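The values are calculated or read from the model by the stated rules, or taken from the named source; none is laboratory data. A quick note: this is a predicted structure, and the numbers were derived from the prediction, not measured. Cβ: placed from backbone, ideal geometry, glycine included. Neighbour counts: every protein chain shown. Heads up: the accessible areas ignore ligands, DNA and RNA and are worked out on the full protein's heavy atoms, side chains in. Shrake-Rupley method; radii C 1.70, N 1.55, O 1.52, S 1.80 Å.
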Amino acid sequence: MLHQRFEYLLAKELSDQLTVEEAAELKGLLESSSELKAEYQLLHQYWNRKETSSERDKDLFNKVLSKIESPAAPKKLIPSFLWRLTAAAAVLVLVSLAFWFYQMAWNPDQEVSTANQQRTWVLEDGTTVTLNAASNLTYPKTFDSLTREVYLVGEAFFKVAKDEKRPFIVRTHHAHLKVLGTSFNLRAYPDENKTETSLIEGAVEVSLKGEAEKTVRLQPSEKLTIYNPVAKEAVPSKQKIERSSISFFHPKDTLSVETSWLDNKLVFKDTPFEELARTLERKYGVEIEFQGKRAPALRFNAVFEKEDIGQILRALKMASNFSYQQASDKIMIYD
């Protein structure tokens, strides 16, 4: 029953039909089972990419995909969102059958994750990746001859080694980035409603998931924000994008707000309390909940470097009117 519920929730997530309550339930299932988490990551990677760096992996999943995309019986005309849900469910059924064999036979992808700390990793082509807290990078042990492709959940700063013959591609749940040699910051946490790409030097092309023909080319010091669709019962709304410049806390600063975490600084500029709280959760390994509607919308300008979570909350409380209670690693915020 537990695995059936997992498959149902994942099918809804893959088809962009997951409600907020169901998203919380799915998160709880993944936290309670390492096996479900591993299966979740595999299914998500394949659903988003439909390609991997291993030829044997491609052969296996191409057989699965052919069964989904080439049904024997004629299709009835059904709404697109129902088709997506049906296709996602079919993926789960067929790939689940192959999952045990896949795990036992080979696992070509490498993975590096962080909890509430940073970690720097060097890929085999010389590309340096610094992961922020609560982030995960999946990558092949050896890149193929055509592309260098990785998959990111969370936030990372990339310094990509130049290779004109092999573009470097970063895939996230909502967007894909293509570069040759550059440095940029990419923020794509699954619990946030936006994906941000901040270009420091070089050039990068960003395309929305499922809309590869629509690309935005960034120049140095530019930032692209993609506002992710909100889960609805009907067909989800289209993604909205916003182009802007990277920001600085003070005009004379040399370190941008978007990359301040690389120096172990927490910099917030006109940041909603709800978004700020998610950052604190990842940084300090705590859980923050809001009681009331006013406090989450409060906005703050602040810089923290060596403060602990208690000192940060006291400083924020002095700047605005709210109250809080802390018990171990759980914090309640009240209007």
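Among the residues of the stretch 228-239, write down those that are out of contact with any Ser or Thr (no Cβ under 6 Å at 6 or more places or on another chain) and either at pLDDT below 70 or surrounded by fewer than 16 Cβ atoms within 10 Å (Cβ to Cβ) (or both).
Result: Val230, Lys232, Glu233, Ala234, Val235, Pro236, Ser237, Lys238, Gln239.
Looking only at the stretch 240-254, how many residues end up being among the acidic types (Asp, Glu) and open to solvent by less than 60 Å² (accessible area, probe 1.4 Å)?
1
Which of the residues spanning the stretch 115-164 are buried (at least 16 other Cβ atoms within 10 Å of the Cβ) and on the phi > 0 side of the Ramachandran plot?
Ala134, Gly154
Please give the number of the condition Glu274 fails out of (1) open to solvent by 80 Å² or more (accessible area, probe 1.4 Å); (2) touching a residue at least 24 places away in the same chain (Cβ under 8 Å).
Answer for Glu274: the failing condition is (2).
In the stretch 101-158, how many residues are farther than 22 Å from Thr195 by Cβ, at pLDDT 90 or above and of a type in the set (A, V, I, L, M)?
1
Starting from the stretch 1-14, take each residue that is over 12 Å from Leu29 (Cα atoms) and among the charged types (D, E, K, R) and list its partners that are at pLDDT 70 or above and assigned to a helix (DSSP H, G or I), counting only C-beta distances under 7 angstrom and pairs at least six apart or across chains.
Lys12/Glu22; Glu13/Leu26
Look at the stretch 278-319 and say how many of its residues are hydroxyl-bearing (Ser, Thr, Tyr), open to solvent by 30 Å² or more (accessible area, probe 1.4 Å) and in contact with a Leu (Cβ under 8 Å, 6 or more places away or on another chain).
Here the count works out to 0.
Considering only the stretch 284-297, I want to know if a residue exists there that is over 30 Å from Glu22 (Cβ atoms) and among the β-branched types (Val, Ile, Thr).
Within the stretch 284-297 (the criterion being over 30 Å from Glu22 (Cβ atoms) and among the β-branched types (Val, Ile, Thr)), the answer is no, since none of the residues qualifies.
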